[in-house]
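The values are calculated or read from the model by the stated rules, or taken from the named source; none is laboratory data. This structure is a prediction, so every number in the text was calculated from the model and none was measured. Because the Cβ atoms are built from the backbone with ideal geometry, glycine has one as well, and the counts that use them run over all protein chains shown. All accessible areas refer to the heavy atoms of the entire protein, side chains included, with ligands and DNA or RNA removed. Shrake-Rupley method; radii C 1.70, N 1.55, O 1.52, S 1.80 Å.
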Amino acid sequence: MKLHIIDEAERCLKCKKPLCQQGCPIHTPIPQITQLLLENRLMEAGEILFANNPMSAVCSTVCNHENQCEGHCVLGRKSSPIHFSSIENFISDSYLDRMEVPKIEKNGKKVAVIGSGPAGITVAIKLALAGYKVTIFEERSKIGGMLQYGIPEFRLSKSVIDRYKKKMEELGIRIRPNTVIGSAIVIDNLFRDGYSSVFVGTGVWRPKAIGIKGESLGNVYFGIDYLRRPEAHQLGEKVAVIGMGNVAMDVARTALRHGAKEVTMYARGKRISASSHEVSYTKLEGADFVFGKAIESINEAGPMFKTSIFDENNKVIGYEEKLDQVEADSVIICVSQAPKNKLVLTTDQLKTTEKGLLLTDENCMTTHEGVFAAGDVVQGANTVVHAVEEAKRAAEGMIRYMEREENE
């Protein structure tokens, strides 16, 4: 690994206008990092990566690099791009355990963070480093959100989340697990108890139903629910996966690892929304892909499809009349997710879009004074790095808000 990343760093052209950095949603200073590595300044490189992206150790593993940093590398036009993901992972992984947590004088203000996914962890770290006393409220027993319960172990080792937990505790961040805000405790209680501001990073954990007959049958599951505890499901040997996004790819690969012999993925069109790398791995592991099948209903035997009719541009323009019954022991629906609505139902001033996503302003503050939000609960299901980028803006907005409140 070390020889590989040094070879990769040496290939970097150190472009004056690095397109790789522009292609990264969080604008990681890639040429600077590769140069520091070549100068054996590993900890300095790690410090810069962490300051820019506290979740760098995660993003270096799960990011869609082919469409972001590596996909914009100029070397990729004629040959192979710099595999910065390997460089970033080596540096960030080395730095995470060795970083020295600074002694920070607390400013006496408390901040509540609801949800411990990528956005919540980012905000908590940024505010703790700025001197705020942070408490994270997590409805499950372990932190990580989608990192813990949505991304399979074979794609992201859960040990890295444990390492983040240790660092957050060293920063003085308190974590309150198994606590649902919007139940016994509501957002107004947080302000009553002296929190100066609140951050919402609860993600999108409510699976989107298709609205077809058969979704409530015992052989039907939703992808996000399946990934949470795949070992609790008895899928049988033949599994039909509805959808071809990244969640669907994780579901298919997980099902194959848990005893399924045949996994087939279905899409009504001819487009795959998942990253090409994830598609390649899913095909390599044995999943089949079937296009032009729009699900009509589900019965005990499996899904029933309408066959799509395409025009010359591969756009669906209609469906054949005959229904196609597919035999499957289980059907897993992976079409989309939406936020849960506990917070909205228990907080009068919290407004949402038609899709249930929280409305925020340019400072990431919601329609409730002092309540900020970022990540999937605002943008809908997206990548980890996009959640982190937005969470950084939210942390800055929260600091400005609390400083303004202090001066008024």
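General remarks:
- All told, residue 308 falls short of being open to solvent by less than 50 Å² (accessible area, probe 1.4 Å), modelled with pLDDT under 95 and out of contact with any helix residue (DSSP H, G or I) (no Cβ under 7 Å at 6 or more places or on another chain).
- Complete set of residues in the stretch 355-389 that are farther than 26 Å from residue 69 by Cα, among the β-branched types (Val, Ile, Thr) and either touching a Lys or Arg at 6+ places or on another chain (Cβ under 6 Å) or open to solvent by less than 20 Å² (accessible area, probe 1.4 Å) (or both): 366, 367, 371
- Filter pass, residue 22 being more than 28 Å from the chain's Cα centre (by Cα), part of a helix (DSSP H, G or I) and surrounded by fewer than 20 Cβ atoms within 10 Å (Cβ to Cβ): no
- Highlighted here are the helices (runs of 4 or more DSSP H) found entirely within the stretch 337-408 that include at least 2 residues which are of a type in the set (Val, Ile, Thr) and touching a Cys at 6+ places or on another chain (Cβ under 9 Å): 384-407.
- Some residue of the stretch 200-218 being part of a helix (DSSP H, G or I), surrounded by fewer than 22 Cβ atoms within 10 Å (Cβ to Cβ) and β-branched (Val, Ile, Thr): no
- Taking the criterion of being charged (D, E, K, R) and either more than 20 Å from residue 274 (Cβ to Cβ) or in contact with a Leu (Cβ under 7 Å, 6 or more places away or on another chain) (or both), the residues of the stretch 62-112 that qualify are 77, 78, 88, 93, 97, 98, 100, 103, 105, 106, 109, 110.
- Close pairs from the stretch 317-330: first under 13 Å from residue 304 (Cα atoms) and open to solvent by less than 90 Å² (accessible area, probe 1.4 Å), partner of a type in the set (Phe, Trp, Tyr) and in a strand (DSSP E or B), Cβ under 6 Å, at least 6 apart: 324/305
- Residue check, residue 8 more than 26 Å from residue 101 (Cβ to Cβ), touching a residue at least 60 places away in the same chain (Cβ under 8 Å) and of a type in the set (Asp, Glu): yes
- Which listed residue is modelled with pLDDT of 95 or more and in a loop (DSSP other than H, G, I, E, B), from 31, 54: 54
- Within the option set 143, 125, 91, 121, being within 26 Å of residue 186 (Cα to Cα), aliphatic (A, V, I, L, M) and crowded, with 24+ Cβ neighbours inside 10 Å holds for one residue only, 121.
- Options 221, 266, 226; residue that is within 22 Å of residue 156 (Cα to Cα) and either outside any loop (DSSP other than H, G, I, E, B) or open to solvent by 40 Å² or more (accessible area, probe 1.4 Å) (or both): 226
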